[in-house]
Amino acid sequence: MKNPEAQQDVSVSQRIRVMFYVMKPSETSFQTLEEVPDYVRKATPFFISLMLLELVVGWIRKGKPPGGLDDALTSMSAGIVSQLPRLFYRSIELTSYVYIWENYRLISLPWDSPWTWYLTFLGVDFGYYWFHRMAHEVNIMWAGHQTHHSSEGYNLSTALRQSVLQIYTSWIFYSPLALFIPPSVYAVHLQFNLLYQFWIHTEVIDNLGPLELILNTPSHHRVHHGRNRYCIDKNFAGTLIIWDRIFGTFEAENEKVVYGLTHPINTFEPFKVQFHHLVNIWTTFWATPGFFNKFSVIFKGPGWGPGKPRLGLIEEIPEVEGKEVPFTSSASQLLKIYVLVQFTLILAFYEETFADKAVLSQVSLLLRVCFIILTLTSIGFLLDQRPKAAVLETLRCLVFLGLCRAGHLKPCFSSLSFALEEEETFVTGL
């Protein structure tokens, strides 16, 4: 997926079907890695469309939107942050895989065989199950994965709340496939497995009948996102729920699920969403006596402590009553509208940056990434109503002006000039 010009076209039908893994081997088999389409980026418009559809259906059924604007923007901000490293280098999940394939493969299965395609489907899904399970059972891995669970809502935007750290451990669980599966086939299924998991993040779909026996469904995944005691460390599946049934981690949905971390973080600031548990590990590591205990802080479960089982004690998980109220922003409606406008603009700028990355210099790319991060941080500060929010937003506007005048944001200056004037007016009034 390195050269966009070499990638195959993806039809509208395929862009829709890929999100449900309804694809045929004959239309998704490629000889080289460069030919594999970037299915995830091509599906982006459908992410937005399905989120809007969920919003309408949820409003009709319950008389209210399926989640708050503040939580949705935080989830999408995390998704943006998680993708920014791709502007500079290929994902480690692909880089490591290609290295193993080129140097250590045992056999080369045919890239155009349906049997290879289906074997890879099972192999990637099996690898994902074990990665996902370890991401809950190993504290240092949980430091990355907890980002995805930090939302106290459960809707399609939650699927986009991804960690920037997670891929630095997930590749390990897929690497055995590189001994015999061609990288191009692996790259296809790595994307399909991720895309399938988008639509299961919803409360709009209840039960899917017999499909619940085989597939990971919204009902099964709601349990996985719960902080009820019966939900903890259950239903790790990506596409097939059979792995949970085989390895004893399956739990059916019964009582009302309360979503989020067992100890909510109560913030919309992207750095805390991404890295707060790393800080917690660091603090606990130095406060825990003994070398082996310190080692256990890193490699045992998030709930472990001296004298406890590897995964901690379920009795220490706070009980939920089902009446918990999710953390929400106290910002005014006017400020929320302003934040929404700024997020929409930075989302368009993010998409433009990816589209133009081949012609942008490394300096321009770095400055653009810094500006994106600064904007998302400022949005988090505004939603959190931090004391320094107005100062940070003023700084952001000044940085925007400076980058435009230096030519690094020149391509989008005309489209954002009106917004800049509005920002300056807003900042003056803060």
What are the pairs, 6+ residues apart or on separate chains, where a residue within the stretch 296-319 that is touching a residue at least 60 places away in the same chain (Cβ under 8 Å) and closer than 20 Å to W286 by Cα has its Cβ under 6 Å from a residue that is among the hydrophobic types (A, V, I, L, M, F, W, C) and assigned to a loop (DSSP other than H, G, I, E, B)? F299/V138; G301/L311
Can you tell me which residue in the stretch 12-71 is nearest to Y259 (Cα to Cα), limited to those that are open to solvent by 60 Å² or more (accessible area, probe 1.4 Å) and not in a helix (DSSP H, G or I)? K64
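Looking at the structure I just gave you, is F413 open to solvent by 30 Å² or more (accessible area, probe 1.4 Å), at pLDDT below 95 and either under 23 Å from the mean Cα position of the chain (by Cα) or not polar (S, T, N, Q) (or both)? Quick ask: steps written out before the conclusion?
On the way: open to solvent by 30 Å² or more (accessible area, probe 1.4 Å): yes; at pLDDT below 95: yes; either under 23 Å from the mean Cα position of the chain (by Cα) or not polar (S, T, N, Q) (or both): yes.
In short, yes.
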On the given criteria, is N235 among the polar types (S, T, N, Q), loosely packed, with under 15 Cβ neighbours inside 10 Å and under 29 Å from L55 (Cβ atoms)? no
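Residue-wise test of (1) touching a Lys or Arg at 6+ places or on another chain (Cβ under 9 Å); (2) closer than 29 Å to T267 by Cβ.
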site: V164; (1), (2): no, yes
site: T169; (1), (2): no, yes
site: Y174; (1), (2): no, no
site: Y186; (1), (2): no, no
site: G209; (1), (2): no, no
site: R222; (1), (2): no, yes
site: N228; (1), (2): yes, yes
Filter the stretch 220-249 down to residues that are touching a residue at least 24 places away in the same chain (Cβ under 8 Å) and either part of a loop (DSSP other than H, G, I, E, B) or aliphatic (A, V, I, L, M) (or both), then give me how many there are. 14
Among the residues of the stretch 297-314, how many are over 25 Å from the mean Cα position of the chain (by Cα) and charged (D, E, K, R)? 2
Number of the condition not met by L211 [criteria: (1) touching a helix residue (DSSP H, G or I) at 6+ places or on another chain (Cβ under 9 Å); (2) farther than 27 Å from I298 by Cβ; (3) free of Cβ contacts under 8 Å to residues at least 12 places away in the same chain]: (1)
If you check S378 against the conditions, is it outside any helix (DSSP H, G or I) and open to solvent by less than 20 Å² (accessible area, probe 1.4 Å)? no
Scan the stretch 9-22 and report the pairs whose first residue is without any contact (Cβ under 8 Å) to a residue 12 or more places away in the chain and whose second residue is buried (at least 17 other Cβ atoms within 10 Å of the Cβ), with Cβ atoms within less than 9 Å and a gap of 6+ or a chain change. R17/M23
For the stretch 319-348, give me each residue that is modelled with pLDDT of 95 or more and either touching a His at 6+ places or on another chain (Cβ under 9 Å) or open to solvent by less than 30 Å² (accessible area, probe 1.4 Å) (or both). S329, A331, L335, Y338, V339, Q342, F343, I346
Would you pick out the residues in the stretch 244-258 that are over 22 Å from the mean Cα position of the chain (by Cα) and not β-branched (V, I, T)? R245, F247, G248, F250, E251, A252, E253, N254, E255, K256
For residues that are open to solvent by less than 10 Å² (accessible area, probe 1.4 Å), among the β-branched types (V, I, T) and more than 11 Å from the chain's Cα centre (by Cα), tally how many sit in the stretch 135-184. 1
Per-region count, the stretch 202-218, residues open to solvent by less than 10 Å² (accessible area, probe 1.4 Å) and either closer than 18 Å to G153 by Cβ or not in a loop (DSSP other than H, G, I, E, B) (or both): 2
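State yes or no: is F198 of a type in the set (F, W, Y) and either in a helix (DSSP H, G or I) or open to solvent by less than 10 Å² (accessible area, probe 1.4 Å) (or both)? Explain how you work it out, then say what you get.
Working: of a type in the set (F, W, Y): yes; either in a helix (DSSP H, G or I) or open to solvent by less than 10 Å² (accessible area, probe 1.4 Å) (or both): yes.
Taking the combined requirement at face value, the residue satisfies it.
Could you list, in sequence order, all residues of the stretch 102-132 that are open to solvent by 30 Å² or more (accessible area, probe 1.4 Å) and in a helix (DSSP H, G or I)?
Within the stretch 102-132, E102, N103, Y104, P114, W115, Y118, L119, F121, L122, F126, W130 meet the criteria.
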Check the stretch 228-245 and report whether any residue there is of a type in the set (G, A, S) and in contact with a strand residue (DSSP E or B) (Cβ under 9 Å, 6 or more places away or on another chain). yes
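For (1) in contact with a Leu (Cβ under 6 Å, 6 or more places away or on another chain); (2) open to solvent by 50 Å² or more (accessible area, probe 1.4 Å); (3) modelled with pLDDT under 95; (4) of a type in the set (A, V, I, L, M), each residue gets a yes or a no:
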residue	(1), (2), (3), (4)
V279	no, yes, no, yes
T284	no, yes, no, no
T288	no, no, no, no
I298	no, no, no, yes
P306	no, yes, no, no
R310	no, yes, no, no
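The values are calculated or read from the model by the stated rules, or taken from the named source; none is laboratory data. If you're wondering where the values come from, they're calculated on a predicted model, not measured in any experiment. Because the Cβ atoms are built from the backbone with ideal geometry, glycine has one as well, and the counts that use them run over all protein chains shown. All accessible areas refer to the heavy atoms of the entire protein, side chains included, with ligands and DNA or RNA removed. Shrake-Rupley method; radii C 1.70, N 1.55, O 1.52, S 1.80 Å.
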